[in-house]
Each structure stands twice: as structure tokens, then as C-alpha cells.
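A short write-up of the structure that comes next.
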Amino acid sequence: MSGRSSFLIVANRLPVDRVIEPDGRASWRGSPGGLVTALTPVMQSRHGAWLGWTGAADELLEPFEHDGMDLIPVPITAEEVELYYEGFSNATLWPLYHDVVAQPLFERAMWETYRSVNERFAEAAARTAERGAVVWVQDYQLQLVPAMLRKMRPDLRIGFFLHIPFPPIELFWRLPWRQELVEGLLGADLVGFQLAGGAANFRQLCKRLLNVNHKSSEIFLDDRTVKTLPFPISVDFGELDALVRDPQIIHRAKEIRVELGDPEHVLLGVDRLDYTKGIGLRLEAFGELLKEQRITPEEAVFVQIATPSRERVEEYRRLRDDIELQVGRINGEHSNMGRQPVQYFHQSYDKRELAALYLAADVMVVTPLRDGMNLVAKEYVACHHDHQGALVLSEFAGAANELRQAYLVNPYDVEGVKRQMMSAMNASPHELARRMRTMRRRVATYDVDRWASEFLRALES
Ligand code: GDG
């Protein structure tokens, strides 16, 4: 590890996961995901450092090197995990920013801890950044960092990107700490959002709350301007496209279909088990189609992968129970011997198995009630160079802005979801190819590399 860095990523989590080797030793493995893939080359070429939490409470670790990046662990105590991470980040901000689809908690102790943990991240960044360095802060857990860091280090160039939606004023207004939060973000030189709508919400809020003026994408403060722009995040198209051409993956995709009993239609959902993802409503739609005999269990199987998530937050525990009850009901009513119409998995898979599942699925069902972008939708598109496969996509996912040829649905309209699921299942190969070709062109052009480079270009210009 060598000294200071000219390029820093500051994120809640480090881009590595701990693995325990067969001999009992612990080591690190790069976390899966587009963000890490996109930023690794930038980090390597700029001698970058990544600051974040290891994911384990009460752990004090020295900085270490991984894959050409300096990783700087920021320690978090067990109590802070509860108040800053599970509390203010995931029980206050997450539901508030996702259209209040669950009730946000407003607790002072959570807020205080959020502030002090943000301060610790800002201090660590201030210590690590070289003079004039570029610092890129990620996501809703760290919205106070830009202003805190600017105060300590006015020489830095600071960018912030929000991965989740930025809510309309009426919702944000409820937050008792609204002013400090907005001022936190305004510490950045560039605040990036998934969509133009989020950026517009933010500018209007700044005007109303702080009476600061804006013109097009710029907000004018007394001594400087802050740029606010959309940068829709994307996936590593090239990697996924190559993966699904691998004979082993093709073989596995065929095998999956056989294991499912060779139905005519394989429908697939892949989500973190989160109440914003609309898992229950898509199962409801599928269950009704079975009940109305518009499809039979011989014809169609719904595979739902629900990756474990935030399991210590009450709302998430309840959700898991609800979904599992619902899956049990549908299967109880519609299964035949040896055939269950819903195949539900509360597990994580490696990315090769996931790619095989995408390839095997005829209809990908993505129905969030609100979602910043939704990478699953783009991953599915990237996996279909065969130009087959249909995407049913919620209008409330950021991805719907770009993937206009999907079977778009309003997830609050169960009849509409059922209709689009039927259209997707019954579409001709020609129709599927027409839609898929256009969507693939979009994802291939705006991949995750382009996302990162456009953000950094805007930050450094
Ligand atoms: C947030 C925003 C925004 C899922 N299960 C497995 C697995 N995954 C991967 C998917 C995908 C990722 O996790 C999930 O990304 P999403 O975008 O769908 O959703 P969030 O986790 O809510 O992400 C979202 C995103 O940030 C990026 O800005 O798009 O709106 O909410 O990549 O493939 N990966 C593996 N095994 C699994 O079981 N390997």
C-alpha cells in the first residue's frame, strides 16, 4: 500500500467479499456486479483507492491491496450497523425514496448515527486523497459525505451518484432532517441520478428548501455551481454476451428447462427479496392466470429467485413470510404430482448459473413498484443474442426509460400485468426478435463502461 491517491471511490461497501478457504484461512474475492467491473480498470490506471466497510461489524483492518486497487476499510460498530445501516439507510431513506411503498421510520438516534458514520467516511477520504484528487461518492448511505469532505478538503473534485430514485418534493419534505441532507449533497461538484426526473426533483427541492436558483442542469450557490445530470447505469454487456455463448452455459440452460419438466413457457423473476421489487404482485398475476385456466401447470412454470437481503430489518422478515405463504398457496392449489407451477428459491447463485437461467427463460418478469434502474432487466437483454425471449417490465423501473420495446406494465394494475404476461408468452418469434434487437442495441451502446466514463468526464470537465 502506498500513500495517497489521486482517485477515490467512497462507498458503503468495499468491492470485495470475504471467503474462507478450505484450509480455514480467510481471503478476499471481488464482489460480483457491474459497478466493480466498470470501475476496476479506472482504478488500476489511476492508482485509485476504494474506501468502504467490509460488511463485518466491529472489525478494525489495515488498508490492503486487491486486484491493483488500494482498499481502505472504514470500521463500523455493531450498534452503528443497526442504526446507520439497517436503520436510517434501509428503514428510513430506502422506503422514503421508493415512493413510500413501506412506512419510513423517523428516529433521531438513527439520524445521529447516520451523521457520525458519514463523518467517519469523510475523514477517511480526506486523509487518503492527494491534493486536487477526484473523489466519487456512491449512494444513499453517504449523502452527507460530499459537504463534510468539501469542508475538510476544498481542493478536491467531488462527485456523487445516487443509485436509487430521488423522490418528488412532497415525499422528501417529510424528512425531519431534509435541509442537512440536501446541503450534504450540494457539497459535490456533480450530483448524478439514474434519470432526468430525479435530477429535476432535486433541483426543485433545492429551490424550495434553500431558495437557490438553477438553470438547466446547474444549481447556483454563492461561491460555486453544482451540476445535476442523469447517468443511467448499465451492465457489462460484453461479458454477459460472451458468457451465454459459452457451450457449458448453453448446455446448462437446456438442462434447466429439462429439470423444470420441459414446459412451453419458462417465466423468470430475479430480485433481492425486497418489497420494492413487486414479487408478490407478479405471483398474484401468475396465480390468477392459472386459476382462470388461461395457462396450465403443464404449459408454464414461474421460477422466482429471491436473493436473501437485509434479513435483520423487520419489514424484510415480514415480506419473506408473505411471499412464502403466497408461493405455498399457489402451488397448493395448482400443483400436479411432480409438477409445481412456482419454483421459488431463497438463495444466491453464481453469475454463470444466473446467465444460464436468463438464457433458459422465455419471459423475464420485472415488476418493481419503484426502482432506480433495475439491472436484471438489462442483464436479460444482454443474454439474448438469439433475439428470443420477452421482457415484461414495470413502468416504474428506471430501465423502462430506455427499454421501450419491453412489454411495459403498470404493476398496480394486476389485469394489465396478466395481459402483458399472456402477450409475452404468445408472441411470435418475429415479434420477439423485433423487440429484442432494439433493446440489445441500446444496452450494447450504453453499457456500464460508458456510464462510468460519462460520469467522470462530466465531473472533470
Ligand atoms: C440498486 C438499485 C439499480 C441478484 N441475485 C443474484 C445476483 N443478483 C444481481 C443481479 C443484478 C443485481 O444483483 C441487482 O441489481 P438491481 O439493479 O436489479 O437491484 P438493486 O440491488 O436494488 O440495486 C437499482 C442498482 O442499484 C444499480 O445502480 O439498478 O435500481 O435499487 O446485477 O444480477 N447476482 C448473483 N447471484 C444472485 O443470486 N451473482
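The values are calculated or read from the model by the stated rules, or taken from the named source; none is laboratory data. For clarity, every value in this text was computed on a predicted model and none was experimentally measured. Here the Cβ is made from the backbone with ideal geometry for all residues, glycine too, and neighbour counts use every protein chain on show. Areas reflect the complete protein model, heavy atoms only, side chains present, ligands, DNA and RNA absent. Shrake-Rupley method; radii C 1.70, N 1.55, O 1.52, S 1.80 Å.
A few points about this structure:
- Members of segment 354-394 that are acidic (Asp, Glu), within 12 Å of the ligand (Cβ to nearest atom) and touching a strand residue (DSSP E or B) at 6+ places or on another chain (Cβ under 7 Å): Asp371
- Condition broken by Trp50, with the remaining ones in (1) more than 22 Å from the chain's Cα centre (by Cα); (2) open to solvent by less than 40 Å² (accessible area, probe 1.4 Å); (3) among the aromatic types (Phe, Trp, Tyr) satisfied: (1)
- Matching option when the condition is surrounded by fewer than 20 Cβ atoms within 10 Å (Cβ to Cβ) and in contact with a strand residue (DSSP E or B) (Cβ under 8 Å, 6 or more places away or on another chain), among Glu130, Glu119, Glu112: Glu130
- Lone unmet requirement of (1) open to solvent by less than 30 Å² (accessible area, probe 1.4 Å); (2) within 23 Å of Arg419 (Cβ to Cβ) for Tyr316: (2)
- Segment 2-21: number of residues that are over 16 Å from Met43 (Cβ atoms) and among the aliphatic types (A, V, I, L, M): 2
- Residue in segment 265-281 that is farther than 19 Å from Ala356 by Cβ, touching a Phe, Trp or Tyr at 6+ places or on another chain (Cβ under 7 Å), away from the ligand (no atom under 16 Å from the Cβ) and assigned to a helix (DSSP H, G or I) present: no
- Residues that are assigned to a loop (DSSP other than H, G, I, E, B) and crowded, with 24+ Cβ neighbours inside 10 Å within segment 375-388 comprise Cys383, His384, listed in sequence order.
- Of the residues Leu83, Leu93, the single one that is within 16 Å of the ligand (Cβ to nearest atom), among the hydrophobic types (A, V, I, L, M, F, W, C) and touching a helix residue (DSSP H, G or I) at 6+ places or on another chain (Cβ under 9 Å) is Leu93.
- Residue check: Arg252 meets all listed conditions (1) in the same structural domain as Thr37 (by TED's automatic domain parsing); (2) open to solvent by 40 Å² or more (accessible area, probe 1.4 Å); (3) in contact with a helix residue (DSSP H, G or I) (Cβ under 8 Å, 6 or more places away or on another chain); (4) touching a residue at least 24 places away in the same chain (Cβ under 8 Å) but one, namely (1).
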